[in-house]
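Below is one structure, written out as structure tokens; the observations come after it.
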Amino acid sequence: MANNLSYRFFSKVVHNEAMRTDPPEIYGWRSTVIALSAGWGAMLFGMDSSMISGVVVLPQFLRRFGLDKANGAVALANLQANIVSTLQAGCFAGAIVAAPMADKLGRRVSLLIAGVIVLVGVILQFSAWGHLAPMYVGRFINGFGVGICSTVVPTYVSENVPRGIRGLLTGCYQWFIVTGGMIAFWTNYGADLHLPGDSAWIVPLAVQGIPACLLVGCIWYCNESPRWLAKQDRWEDAKRVLSHVRNLPPTHEYVEHEFSEMVRQLENEKLLMQGAGFKVLMKEMWTIPGNRKRALISITLMICQQMTGTNAINSYAPLMFRNMGIVGRSTGLFATGIYGIVKVVSCTIFLLFLADTLGRRRSLLWTSVGQCICMLFIGLFIRIKPPVRGVPTPPVGYVALACIYIFAAMFQFGWGPVCWIYCSEIPTARLRAINVSMAASTQWLFNFVVTRAVPTMLVTVGAHGFGTYIIFGTFAFTMFLFVWFFVPETKGLSLEAMDALFGVVPHGNASVESGMRSGSRDSLEKEAATQIETMNNKSSERN
């Protein structure tokens, strides 16, 4: 019964060929449970990065840690930035070690370890009790675990769930992030209203450990990735797990077919990777124009994602709302909570109904324009008609406030989930792991840079920090130009057609070359052209 309900739900919101031809049993509850269990690892980032935004402005926190004695607004902003951005530094380190860790220990074990690491960091934070050193250490350790999850969670989910709903369930990674942020915003608001003394900052910091506990508890009962088991030559275990996840007997035709595809792909990968070390792969990535283009696109997209300013708002929303004239600490926290709700609702709509309809390029283009307009309007409002304490907010001020919420929705329709999808699908199979790893590390590095710089910018870049919004708006405009000239559409193209799209034919291994000798470039280009033409024809028919 549960399987029937699950399939009926997915068949209504997901429309593709796989949903029409695959056995309904594979779209049962087991795949969904795996995705939701791993999703707690994604919630860690959303909650940890957003919770601190309300904590660092609480008078109880400022007094306990001596921040109220800081020598001026710039000194206070620097201390707040250090506390907040230490998490991103830990995330960067965790993302680097996550790939070899997941390959050696397994996806499931890596997530269990990451959950325990986060719990250690959370305990150090809420027990720091006025000492900045354990607060910094706790934030870094917390971030290290979050960084591991950021790499392993999408991999674990994609290797378990059926092909027809892989995009939807893998995209839940972004949904858990924004949900964690929303919960953090409202926890801060409730703590500020109802908790006395130091408990107003201790409780929110302790709540950060709840997703970590749920991650460990849920993943403990989940299976290991069948693909990872196969890579360890544990073929019987891999087939048993695949049969369990697909809710079909091992002898079923579908399980046999998917398992044979897994075996064939792994054998091809081993053949392709034979004798190729890290140095050889890096040389291939940066000396072949098509591979270099894909690597640079992946890195640039992740830089642009952070230069939208979205995580600056996540981490410092109360400060930004105060600069826009929102009076009262609790009122600012309430406005921040509404911001979190907008992100969750818009992300849900995008994942359920639009993720496979708009296309990658179109989503990035129109949301770049929207985010640019929102940020420029906010910056010009603060510059031309800055809020004055004690004076009612003018109508144009409420429009500026609405722009923050519109900005949040637009990010979830484009630069939030699409960057992760694009960077994981364009690399050639030989270089996919390295390419995605570089993209993820870049994301965390610039997340750290932006988070560290924003509080200082808000007190130094123009009156009330108006220049901060102008800078982010300008970056959004340049992002539009970058996508327009350098980012091709990939919606509907097979992974095999990506090489032709970027003008690369696999090479370097004699056996592989011999297998592709007969018109390899022509056939790949023809395949890509055919798929693109098919998509255009379907689009014309709909219009």
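Some values worked out for this structure:
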| quantity | calculated |
| --- | --- |
| In nm, spacing of pseudo-spin labels at Asn78 and Ala206 (7 Å Cα→C-beta vector) | 3.4 |
| Accessible area in square angstrom per residue, region 361-482, 1.4 angstrom probe | 39 |
| Simple spin-label estimate for Trp484 and Val280 in nanometres, 7 Å along Cα-Cβ | 4.3 |
| Potential extension, Ile341-Ala402 segment - 0.36 nm per residue separation minus Cα distance | 20.6 nm |
| Centre separation in Å (Cα based) which lies between region 130-199 and region 1-50 | 20 |
| Added length on full extension, which subtracts the Cα-Cα distance from 0.36 nm per residue, Val109 to Trp129 | 4.0 nm |
| Packing-based ranking, highest mean first, of 247-254, 375-382, 217-224, 104-111 given that Cβ atoms within 10 Å are counted | 375-382, 104-111, 217-224, 247-254 |
| FRET efficiency, Val449 to Ser199 (Cβ-Cβ, R0 41 Å, nearest 0.05) | 0.80 |
| ³J(HN,Hα), Karplus 6.51/-1.76/1.60, whole Hz, each residue of region 154-171, x for Gly, Pro | x, 5, 4, 5, 5, 7, 10, 7, x, 5, x, 10, 4, x, 5, 6, 5, x |
| Pair Ser11, Leu380: separation of 7 Å Cα→Cβ label points (nm) | 5.2 |
| Value of relative contact order over region 1-155, rounded to a whole percent, pairs C-alpha under 8 Å and six or more apart | 27 |
| Cut-off 18 Å (backbone N to label point 7 Å along Cα→Cβ of Val97), residues of region 151-175 | 151-153 |
| Highest to lowest packing among 208-216, 61-69, scored as the average C-beta count within 10 Å | 208-216, 61-69 |
| Stokes-Einstein diffusion coefficient of region 406-455, Kirkwood radius over Cα pairs, 20 °C, 1.002 mPa s, in µm²/s | 173 |
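The values are calculated or read from the model by the stated rules, or taken from the named source; none is laboratory data. Quantities reported herein were computed from a predicted structural model and do not represent experimental measurements. A quick note on method: Cβ atoms are made from the backbone with ideal geometry, for glycine too, and the neighbour counts reach across all protein chains shown. These accessible areas exclude ligands, DNA and RNA; they are computed on the full protein's heavy atoms, side chains included. Shrake-Rupley method; radii C 1.70, N 1.55, O 1.52, S 1.80 Å.
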